[in-house]
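The block underneath contains the structure these notes are about, expressed in structure tokens.
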Amino acid sequence: MSSVVRAALIQTTGLQPVEAMLDRQTSLLREAAGKGAQVACLQELATGPYFCQTENPKWFDLAEEVPNGPTTSAMQELAQELNMVLVVPLYEKADGFYYNTAAVIDSDGSFLGKYRKNHIPHGPNFQEKYYFKPGNLGYPVFDTAIGKVGVYICYDRHFPEGARALGLNGAELVFIPSATAGRSRQLWFTEQRGHAIANLYYVGTINRVGVESEGPNEFYGHSYFCDPYGEIVAEAGESEEVLISDLDLGAVRETRIDLLFWRDRRPDTYDAITAP
């Protein structure tokens, strides 16, 4: 059995209303399936524009339950139809709180679980603490039809601890859906490749493109896949794109034999990292 997996990243611009956004995402996922993709990830908060550029209570109406909300249900049906593993980031409401969440759906349409963004930024044009509670589900890795998949979301990528936890939990491929602009571009090609190298897994990271209706951010795209050596194996431009890449997940094991970082870890010396 081949260990090569064809993966897709969906890079687009946020639209309103939700129905228009989901129609667009569905069309792009069908395009990915037509190119043979077995797994695909959408961008952060994929059901609309990146609304966190301002504080406006109207956006709380965009939140829905996961997995019992309409988007997860629709994507479960689509995953089954396309025989494709899907990572679907969206705005979640649960128990009176709100989260920046990604649902993970297997290729048979079954809901495998979710990741909630743990690190929540707040500053000009990224006012997320107004909308989201920090995640409380840890750093799960999902055993999918194509392999072991982890998720990290946007601002999370600035924190190596969670990226390490995903590696410790067995991730072979980590998706990092984002909505990022401005000076983050200086770090875009450094941090996430660093996570791939340090933890010896593939990374697929997604950004938006263009200027959306809710604020001044100009999202610069450049979604990419990199291998466990940090080499970029496929990269998108700065317009809407379905980025496809063949990833040999068997190479994860081979890389961990070649680069013996896991063998030489010293967790007994790392207490200071978790000190408040």
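Trypsin sites (Lys or Arg not before Pro), restricted to segment 1-72: which are DSSP loop and have at most 14 other Cβ atoms within 10 Å?
Lys35
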As a test of the formula, what do you get for the chain when each DSSP H run with n ≥ 4 contributes -39,500 (n - 2.57) and the sum is divided by the residue count, at 222 nm and rounded to the nearest 500 deg cm²/dmol? -6500 deg cm²/dmol
Low-density loop positions, trypsin sites (Lys or Arg not before Pro), segment 244-276 - DSSP coil, at most 13 other Cβ in 10 Å: Arg263, Arg265
DSSP loop GluC sites (Glu not before Pro) with at most 14 other Cβ within 10 Å excluded, longest remaining stretch of the chain: 66-230
So how much slack lies between Gln16 and Arg253, counting 0.36 nm per residue of separation and subtracting their Cα-Cα distance, in nm? 81.0 nm
Report the far tail of the P(r) of the chain, meaning the percent of Cα-Cα pairs longer than 33 Å. 15 percent
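Could you tell me what percent of the DSSP beta bridges with both partners in the chain are antiparallel, to the nearest 5?
Working: 38 of 53 bridges.
Antiparallel bridges: around 70 percent, rounded to the nearest 5.
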For segment 137-143, in order, what is each residue's ³J(HN,Hα) by Karplus, 6.51 cos²θ - 1.76 cosθ + 1.60 with θ = phi - 60°, in whole Hz (x at glycine and Pro)? 10, x, 10, x, 10, 9, 8
Quick query: amide H of Thr13 versus all other amide H atoms, modeled in the peptide plane; which residues come in under 5 Å with a sequence gap of 5 or more or a different chain? Val209
If R0 = 45 Å, then Phe189 and Asn68, at their Cβ-Cβ distance, give a FRET efficiency to the nearest 0.05 of 0.75
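Holding the Cα-Cα limit at 28 Å, pick out from Lys35/Lys58; Lys58/Lys117; Lys93/Lys148; Lys58/Lys148; Lys35/Lys148; Lys35/Lys129 the pairs that are longer than that.
Lys35/Lys58; Lys58/Lys148; Lys35/Lys129
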Using the Kirkwood radius over C-alpha pairs as Rh, can you work out the diffusion coefficient of segment 1-84 via Stokes-Einstein at 4 °C, viscosity 1.567 mPa s, in µm² per second? 92 µm²/s
Would you kindly compute the Cα radius of gyration of segment 88-241 and its largest Cα-Cα separation (Dmax), both in Å? 15.1, 42
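Bear in mind that the values in this text are calculations on the coordinates, not laboratory data. These numbers were taken from a predicted model, which means no experiment stands behind them. Every residue, glycine among them, receives a Cβ derived from its backbone with ideal geometry; neighbour counts consider all protein chains shown.
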